[in-house]
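*Asks:* Could you have a look at this structure, given as structure tokens, before my questions?
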Amino acid sequence: MKKFFNEFKAFLNRGNAFEMAIGIIMGASFKTIVSSLVDDIIMPLISSIGGVNIKDLSIVLKEAVIENDVVVKAAVTLNYGSFIQAIIDFLIIAFTIFIIVKAMNKFNANVEKMRQKLLKEQKEKEEQAKIEEIQHKETIEDILKDIREELKNGKTTS
């Protein structure tokens, strides 16, 4: 049992679980905001244009039973207006997530381009340093060869 809790603790401490929990909480809050936007702003605007409250659109499958002005059995309805409203909620949330993911992908692509550019520049600097080292080494070797030749020929410089 202790091993199970240690594994669970390790799972929570990885960071991904915390990020996921934050994402879920933010998503629920965002859904509340979107639902309010649809319920309180978009639907009333659409209803004012169409003259009917879309959320109340329904098809009566079975009439209500009323006796002595009291509802004995409620009507059975197919509430397609609520479904339309849920679809609008979903489309707004999906579009927002699409925009966020697109922005993140673009950001990640730019970061990767910058990383590749820095790696390329670093590699070019290393190659240039090697070339300069080889050239410097060849120059020293040439100077030493010249000195050796002069010493062989008996020439001295004073």
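The values are calculated or read from the model by the stated rules, or taken from the named source; none is laboratory data. What you are looking at is a predicted structure, and each value in this text was computed from that prediction instead of being measured. Please note: Cβ atoms are built from the backbone with ideal geometry, for glycine as well, and neighbour counts cover all protein chains shown. When the accessible area is computed, the model is the full protein with side chains, heavy atoms only, and any ligands, DNA or RNA have been set aside. Shrake-Rupley method; radii C 1.70, N 1.55, O 1.52, S 1.80 Å.
*Asks:* Looking at (1) open to solvent by less than 90 Å² (accessible area, probe 1.4 Å); (2) modelled with pLDDT under 90; (3) β-branched (Val, Ile, Thr), which one does residue 59 not meet, given that it meets all the others?
*Replies:* (2)
*Asks:* Here's a check for you: in region 98-123, which residue that is closer than 25 Å to residue 23 by Cα and basic (Lys, Arg) is most open to solvent (accessible area, probe 1.4 Å)? Lay out the reasoning, then the answer.
*Replies:* The initial filter retains those residues of region 98-123 that are closer than 25 Å to residue 23 by Cα, namely 98-112.
Keeping just the survivors that are basic (Lys, Arg) gives 102, 106.
Working: 102: 121, 106: 139 Å².
Once the filter is applied, the top-ranked residue is 106.
*Asks:* Any idea which residue in region 17-56 is surrounded by the fewest Cβ atoms within 10 Å (Cβ to Cβ), counting only those that are among the β-branched types (Val, Ile, Thr) and touching a helix residue (DSSP H, G or I) at 6+ places or on another chain (Cβ under 9 Å)? Break it down stepwise before answering.
*Replies:* Of all residues in region 17-56, those among the β-branched types (Val, Ile, Thr) come to 22, 24-25, 32-34, 38, 41-42, 46, 49, 52, 54.
With the extra rule that they be touching a helix residue (DSSP H, G or I) at 6+ places or on another chain (Cβ under 9 Å), the set shrinks to 34, 38, 42, 46, 52, 54.
Details: 34: 18, 38: 23, 42: 16, 46: 17, 52: 12, 54: 18.
Top of the filtered list is 52.
*Asks:* One residue is enough: does region 50-58 have a residue meeting the conditions in contact (Cβ under 8 Å) with a residue 40 or more places away in the chain and either under 30 Å from residue 23 (Cβ atoms) or touching a Ser or Thr at 6+ places or on another chain (Cβ under 6 Å) (or both)? Working first, answer last.
*Replies:* Quick first cut of region 50-58, residues in contact (Cβ under 8 Å) with a residue 40 or more places away in the chain only: none.
Looking through region 50-58, none of the residues is in contact (Cβ under 8 Å) with a residue 40 or more places away in the chain and either under 30 Å from residue 23 (Cβ atoms) or touching a Ser or Thr at 6+ places or on another chain (Cβ under 6 Å) (or both).
*Asks:* Those residues that are touching a strand residue (DSSP E or B) at 6+ places or on another chain (Cβ under 9 Å) and at pLDDT 90 or above, I need them from region 64-84; list them, please.
*Replies:* First, the residues of region 64-84 that are touching a strand residue (DSSP E or B) at 6+ places or on another chain (Cβ under 9 Å): 64-66, 71-80.
Matches in region 64-84: 76, 77, 78, 79, 80.
*Asks:* Is it fair to say residue 30 is over 30 Å from residue 84 (Cα atoms), part of a helix (DSSP H, G or I) and under 37 Å from the mean Cα position of the chain (by Cα)? If you could, list the steps in order and put the result at the bottom.
*Replies:* Working: over 30 Å from residue 84 (Cα atoms): no; part of a helix (DSSP H, G or I): yes; under 37 Å from the mean Cα position of the chain (by Cα): yes.
Against the criterion (over 30 Å from residue 84 (Cα atoms), part of a helix (DSSP H, G or I) and under 37 Å from the mean Cα position of the chain (by Cα)), residue 30 does not qualify.
*Asks:* Let me ask another. Which residue pairs have Cβ atoms under 7 Å apart, sit 6 or more places apart or on different chains, and have a first residue in region 68-86 that is assigned to a strand (DSSP E or B) and a second that is open to solvent by 90 Å² or more (accessible area, probe 1.4 Å)?
*Replies:* That search, which allows pairs on different chains as well, returns 72/66; 76/61; 76/62; 77/61; 78/61.
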